[in-house]
Amino acid sequence: MAVYRIAIGSPREASNPAAIRAAFAEFFSTLIFVFAGQGSGMAYSKLTGNGPATPEGLLIASVSHAFGLFVAVSVGANISGGHVNPAVTFGAFIRGNITLLRSILYWIAQLLGSVVACILLNFASGGMETTGFSLSSGVSVWNAVVFETVMTFGLVYTVYATAVDPKKGNVGVIAPLAIGLIVGANILVGGPFDGASMNPAVSFGPALVSWSWTHHWVYWFGPFFGSAAAAILYDNIFIGDDGHETLISSDF
């Protein structure tokens, strides 16, 4: 069984140029992703006159998030690892792929990127509301926790299989596409029930800008739990003692 110590990191990481560049990469990648994903939902609402949710709208949300995340991961991969998600960063942290201090930098950057994207959308759309995530009728908080946990497990499992595993070979080339596709597929499953976030930053930006925090904890607890489970299981079962590869190159 592979065992790795959680690394706290050095305080000088906060001022190290490589760490700062990585944080900026996470900021811009998250901004790109949230602007595309949240913006597609706002565009659909405008075209339908705030009409009811439809299968077509769900498909649009799935495709826009899949394409947006594919690009966001791709443009950040060589700088920060292309996490674009606090839950992905958390999974990397608990398995020793990234230090706590650098994780905190990433989390701040990801949350700010989401908030700025929502502010820009609100302004550019002439004041349209950035809709926060919520539970559908008949869906309990624990139903939603299960959805978010399982969907994020699938996401982080995909990250480890295509981007982290030292034995990935040529599969690493399609990692951003695979990561985008699993998110798009999960939205088709969980979207009608709880919005299918899988990403606390994606939930945080709209919640802050619209100041709507109902059941917001679900969109942190589920993704963090699912991420931790996927990281620990994949690392111990499939990577084990054969090797261990970080999501980013570290100077520390």
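Using +1 on the beta carbon of Lys and Arg, -1 on that of Asp and Glu, and nothing else charged, what's the dipole of the chain about the Cα centre, debye to 20?
240 debye
Would you look at the GNM of the chain, springs on alpha carbons closer than 10 Å, and say which of 137, 29, 203 moves the most?
137
Report the residue, chosen from 33, 238, 24, that carries the largest GNM mean-square fluctuation when the chain is represented by alpha-carbon nodes joined by springs under 10 Å.
Of 33, 238, 24, the Gaussian network model singles out 238 as fluctuating most.
What value, in deg cm²/dmol to 500, does the helix sum -39500 (n - 2.57) over DSSP H runs of n ≥ 4 give at 222 nm once divided by the residues of the chain?
Helices in the chain give a 222 nm mean residue ellipticity of -21000 deg cm²/dmol.
Go ahead and set up a Gaussian network model of the chain, Cα springs under 10 Å, then flag whichever of 66, 201, 14 fluctuates most.
14
I need the calculated FRET efficiency for the pair residue 104 and residue 137, taking r as the beta carbon distance and R₀ as 35 Å, to the nearest 0.05.
Taking R0 as 35 Å, the efficiency between residue 104 and residue 137 is 0.40.
Taking a probe of 1.4 Å, how large is the accessible area per residue of the chain, in Å²?
Here the per-residue accessible area is 46 Å².
Quick check: from the Cα gyration tensor, does segment 37-95 come out rounded (a/c under 1.5), prolate or oblate?
Judged from the Cα gyration tensor, segment 37-95 comes out prolate (a/c at least 1.5, a/b above b/c).
Between (i) 20.9; (ii) 18.1; (iii) 19.1, which matches Kirkwood radius over Cα pairs in Å calculated for the structure shown?
Label of the calculated value: (ii).
What is the spin-label model distance, in nm, from residue 18 to residue 120 if the labels are put 7 Å beyond Cα along the C-beta direction?
2.8 nm
Whole-Hz Karplus ³J(HN,Hα) for segment 130-137, in order, using 6.51 cos²θ - 1.76 cosθ + 1.60 and θ = phi - 60°, x for Gly and Pro?
Once θ is set to phi - 60°, the couplings for segment 130-137 become 7, 6, x, 6, 8, 8, 6, 4 Hz.
Please report, ordered by residue number, every helix of the chain (full DSSP H runs) that is 30 Å or longer along its axis going by C-alpha atoms and whose mean Kyte-Doolittle hydropathy reaches -1.0.
Length and hydropathy pass: 17-47, 55-76, 100-124.
How large a share of the accessible area of segment 93-252, in percent, is made up of carbon and sulfur atoms when the probe is 1.4 Å and the other protein chains stay in place?
In segment 93-252, the share of accessible area belonging to carbon and sulfur is 69 percent.
Ranking request for peptides 170-179, 153-162, 187-196, 40-49: highest mean number of other beta-carbon atoms within 10 Å first, then the rest in descending order.
153-162, 187-196, 170-179, 40-49
Under 1.5 on a/c is rounded, so check that first for segment 91-146, then, if it is not, pick prolate when a/b is larger than b/c and oblate when it is not; a ≥ b ≥ c are the square roots of the alpha carbon gyration tensor eigenvalues.
oblate
Under a point spin-label approximation (7 Å from Cα along Cα-to-Cβ), what is the residue 210-residue 188 distance to one decimal in nm?
2.5 nm
The values are calculated or read from the model by the stated rules, or taken from the named source; none is laboratory data. Small disclaimer: the values here were computed from a predicted structure and weren't measured. FYI the Cβ positions are ideal-geometry reconstructions off the backbone, even for glycines, and counts take in every protein chain you see. Quick note on the areas: whole protein, heavy atoms, side chains included, nothing else; ligands and nucleic acids left out. Shrake-Rupley method; radii C 1.70, N 1.55, O 1.52, S 1.80 Å.
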